[in-house]
Amino acid sequence: MLDSEFMQRAIALALENVQSGLGGPFGALVVKDRKVIAEAANQVTSTDDPTAHAEMLAIREACKKLGTFQLAGCEIYASCEPCPMCLGAIYWSRLDRIYFAASAADAAKAGFDDSFIYHEISKPRAQRKIPMVQWMREEARKPFHAWEQKPDKISY
């Protein structure tokens with residue numbers, strides 16, 4: 001398939017999703033060696049899962065199919081610029097490249113504005129809308145110490 005065909009499929013998934021009523025107007029594909037490994041459309045409202053974005057679901061499925069938590073050598077095609085959560089998952093999964101069609105501004109105009117998340121992340125924790133309270137730090141450092149000592153750990 002050509003790059004344009006991958007993107008056309010991501011956009012078609014988004015449109016089909018709107019028409020089916022299963023979720024928002026977002027679709028995504030994970031591609032490796034010019035083959036679709038996984039594809040998904042947004043399922044936030046149909047599954048009551050705020051993390052069920054198209055990119056997240058496509059990444060999860062690709063990892064299952066490939067039997068790995070790292071998607072180096074793969075690319076993602078998204079019908080829209082990824083949100084902060086999806087962008088984080090893309091970086092954690094080590095995808096090689098992101099192709100997207102609509103912009104974050106296009107999504108915001110349709111009611112999917114995630115710019116407030118970027119603003120919140122840039123603020124000091126004490127100034128964020130959702131209070132962040134740190135406690136039991138010393139106890140919580142014990143698992144990290146155990147991880148550092150583990151000789152057979154799988155780094156990621």
Problem - Condition met for GLY111 (small (Gly, Ala, Ser) and in a helix (DSSP H, G or I)) - result: no
Problem - Evaluation of CYS86 against (1) assigned to a helix (DSSP H, G or I); (2) closer than 25 Å to GLU16 by Cα; (3) of a type outside the set (A, V, I, L, M); (4) open to solvent by 80 Å² or more (accessible area, probe 1.4 Å) (one fails), failing number - result: (4)
Fill in the blank from the handout: Of (1) within 25 Å of ILE154 (Cα to Cα); (2) among the small types (Gly, Ala, Ser); (3) touching a residue at least 60 places away in the same chain (Cβ under 8 Å), GLY67 fails just (3)
Completion exercise
Checked segment 128-156 for anything surrounded by 10 or more Cβ atoms within 10 Å (Cβ to Cβ) and part of a helix (DSSP H, G or I); matches are ALA140, ARG141, ALA146, TRP147
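The values are calculated or read from the model by the stated rules, or taken from the named source; none is laboratory data. Not measured: the values here are computed from a predicted model. In this analysis, Cβ positions are derived from the backbone assuming ideal geometry, glycine residues included, and neighbour counts consider all displayed protein chains. Protein only, heavy atoms only, side chains kept; ligands, DNA and RNA dropped before computing areas. Shrake-Rupley method; radii C 1.70, N 1.55, O 1.52, S 1.80 Å.
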